[in-house]
Amino acid sequence: MDLEMGAVVAGKVTGITKFGAFVSIAPGVSGLVHISEIASSYVSDVRDHLTEGQEIIVKIIGADKSDRMNLSIKAAAENVDEAKIQPPPKPPVVASEPSFEDKLKRFMQDSNSKISGLKRSSNKKGTRRRGR
């Protein structure tokens, strides 16, 4: 595999951070796609555009003193039409999970029943008198 500056290669997203995504481009070789190099539009959250395990096309745009690769999806998209990435699919909304209002209603019912139970038990203790 040719891993020189300007090469457009396929890679797999191995990790996502606030500032970008780590991409494995060859066995033992990985690099960082900075958040500014993900898309030509503003990217506020990397997870809106990439997911771990996603296959993408990147361009090698540099390497630092530690031989860490700097990668760009944006630059690869200019050279390869299929390099354009699609946002990951949104997970389906689970209908069985109760809404906040339902949870609050249940909490209030439980709370009221506990309070009334405490009041009943304290009233019983106060009215009993033991005779000697």
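The values are calculated or read from the model by the stated rules, or taken from the named source; none is laboratory data. Bear in mind that the values here come from a model prediction, so they are computed numbers and not experimental data. For neighbour counting, all protein chains shown are included, and Cβ atoms are generated from backbone atoms with ideal geometry for every residue, glycine included.
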Subset of segment 1-35, residues polar (S, T, N, Q) and in contact with a helix residue (DSSP H, G or I) (Cβ under 8 Å, 6 or more places away or on another chain), comes to T17
Looking across segment 43-78 at residues that are more than 17 Å from F19 (Cβ to Cβ) and among the basic types (K, R), the single one that is farthest from the chain's Cα centre (by Cα) is K65
Do the conditions hold for N112, that is, is it in a helix (DSSP H, G or I), at pLDDT 85 or above and surrounded by 10 or more Cβ atoms within 10 Å (Cβ to Cβ)?
-> yes
